[in-house]
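Below is one structure; the comments refer to it alone.
The values are calculated or read from the model by the stated rules, or taken from the named source; none is laboratory data. Predicted, not measured: the structure shown is a model, and the values here were computed from it. Cβ placement follows ideal geometry from the backbone for every residue including glycine, while neighbour counts extend to all protein chains displayed.
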Amino acid sequence: MDRNSKLLILPVLFVALAGAGVAHATHLADAGELYASSGFGGTDPGSLFTINAVTGAATLVGSICGAEICCTAVPGLAIQNGGQIYGVCRTGAPGGGPGVLVRIDADDAEPHRVHPSNNMGADAEWIDFDGPILYGNNALSGTLYTFDHNVSGAVTSTLGSSGHVNANGGAFEPCSATAQLYTAHSGNTQGTGTPGTIYLTDKANGSSVGLPMGAGLAVSGLTIIGPTLYGLQAATAGSGSGNPAGVPDFNLVDIDEGTGSRVVIGPTGFKSMAGLASWSDCPGVPVTGFAMNMLLLALLMTAVMVVAVWRSRMSAEGTIND
């Protein structure tokens, strides 16, 4: 095999490796997998976990702490279509004001600031994507916002308030052009709203209607995979995931989207579980954000290599002049 023939193999190998390894090489989350984060308190505050959807058992990935920023709590977690994880990073004590929006590596929990100095501009207790738009909720006022996850890492619009203090979980239906937003009250009794209630929330103005089941144990995180609405529910009555005092153990639960009733799947094995997130590989929905950028880079590099090989062959045959 001559040199040019060997070079022609390189683009093929590059595309194969890029296609097979982009999710792991770029620290992206796997589609259809459950990821969770922890708030203040417990034995592993500010950490990233994976959760077994069948048993509920959580596995610690690592502390969300790195060279750029170190999180003492991550109450909100979201995954963009394509697998990039985002989190609300708190760096101080409870009640310390707005967090910082960070990208989180799925394999080692390393956080990277979206903006080098900005905070989010509003206290966000949960975040989730509806298509390319990142939404979040202010736990103190119940106000719904959108955030810029590409450049500023800060609030882009204020949509309205449900008035429910400590709405600590939120999830949009994936793969839907008219995605329903579900939110969960954490179980803290301050302010308005019924502790433990699951709400149907209007993403246009933040208004909410409680599902019929009414009160229950605290729910801190929500996400949807296929037909299942998953939640992180306190195993016993306590102060929820955001307060280090009296932090309960948490179970993974299956929530009925019509009534709000819950079936316990199993214990996570950890306290202070807060954010819950996943992403679905939806038919006909393009990969966006960081994952798409990596794919385009792989295709561009492949095209450059093909042109280089072609020019080398033409030069050797004397059919091209520079």
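At a glance:
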| item | result |
| --- | --- |
| Count of residues meeting criterion [closer than 12 Å to A124 by Cα and either modelled with pLDDT under 95 or under 11 Å from the mean Cα position of the chain (by Cα) (or both)] in the range 79-95 | 4 |
| Some residue of the range 157-174 being assigned to a strand (DSSP E or B), buried (at least 17 other Cβ atoms within 10 Å of the Cβ), aromatic (F, W, Y) and modelled with pLDDT of 95 or more | yes |
| Breaking point among (1) among the aromatic types (F, W, Y); (2) at pLDDT 95 or above; (3) touching a Gly at 6+ places or on another chain (Cβ under 9 Å), for W126 | (2) |
| In the range 211-243, residue modelled with the highest pLDDT [restricted to those that are aliphatic (A, V, I, L, M), out of contact with any Asp or Glu (no Cβ under 9 Å at 6 or more places or on another chain) and crowded, with 24+ Cβ neighbours inside 10 Å] | L232 |
| Residue ranges of strands (runs of 3 or more DSSP E) in the range 86-156 with at least 2 members touching a Cys at 6+ places or on another chain (Cβ under 7 Å), β-branched (V, I, T) and closer than 27 Å to V219 by Cβ | 100-104 |
| Failed item in (1) under 25 Å from T55 (Cβ atoms); (2) at pLDDT 90 or above, with D202 passing the rest | (1) |
| The one condition in (1) under 26 Å from F250 (Cβ atoms); (2) touching a Leu at 6+ places or on another chain (Cβ under 7 Å); (3) of a type in the set (G, A, S) that G97 fails to fulfil | (2) |
